[in-house]
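The values are calculated or read from the model by the stated rules, or taken from the named source; none is laboratory data. Values in this document were obtained by computation on a predicted structure and should not be read as measured data. Reconstructed Cβ throughout: ideal geometry from the backbone, glycine too, with neighbour counts over all protein chains shown.
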């Protein structure tokens, strides 16, 4: 399982925890599920970094570029669904599967956490920087 998780896009955005279902834990602690607009405000036109240091720039055109956990430059596409799920797809790497994620604001940690469609933790954001300062 660990090998599979390390290969995901935004691996540094991943927040792997021992809990079986982080989404239920977030709901139980009154974490806020973010709307489409709130997720777009975080992502679109910004560079996000994870708690483990990787970063990705989400261009307004729908492309995403950045550095993955294996050190390579990754490119793909993104969109946000009407119900606020961030979806990433069409990666230039076989190690980067497509998927959609619900975004919560965790009141306990004061961080935004991304949860896959199975309710499992995948990303924890550390910083959101306006624009593309890394020139991805």
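Residues checked against (1) without any contact (Cβ under 8 Å) to a residue 12 or more places away in the chain; (2) farther than 22 Å from residue 36 by Cβ; (3) in contact with a helix residue (DSSP H, G or I) (Cβ under 7 Å, 6 or more places away or on another chain); (4) surrounded by 12 or more Cβ atoms within 10 Å (Cβ to Cβ):
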site	(1), (2), (3), (4)
100	no, no, no, yes
104	no, no, yes, yes
116	no, no, no, yes
126	no, yes, no, yes
132	no, yes, no, yes
Report summary line: residue 56 meets each of (1) more than 12 Å from the chain's Cα centre (by Cα); (2) in contact (Cβ under 8 Å) with a residue 60 or more places away in the chain with one exception, condition (1)
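Residue by residue, here is whether (1) modelled with pLDDT under 80; (2) farther than 21 Å from residue 76 by Cβ; (3) in a loop (DSSP other than H, G, I, E, B) holds:
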site: 9; (1), (2), (3): yes, no, yes
site: 17; (1), (2), (3): yes, yes, yes
site: 25; (1), (2), (3): no, yes, no
site: 47; (1), (2), (3): no, no, no
site: 57; (1), (2), (3): no, no, no
Query raised in the report: Going by the conditions given, is residue 92 assigned to a loop (DSSP other than H, G, I, E, B), surrounded by fewer than 17 Cβ atoms within 10 Å (Cβ to Cβ) and touching a residue at least 60 places away in the same chain (Cβ under 8 Å)?
Result: no
Query raised in the report: Among the residues of region 60-83, which ones are assigned to a loop (DSSP other than H, G, I, E, B) and crowded, with 19+ Cβ neighbours inside 10 Å?
Result: 68, 69
Query raised in the report: Which of the residues belonging to region 38-60 are in contact with a strand residue (DSSP E or B) (Cβ under 9 Å, 6 or more places away or on another chain) and over 13 Å from residue 125 (Cβ atoms)?
Result: 40, 44, 45, 57, 59
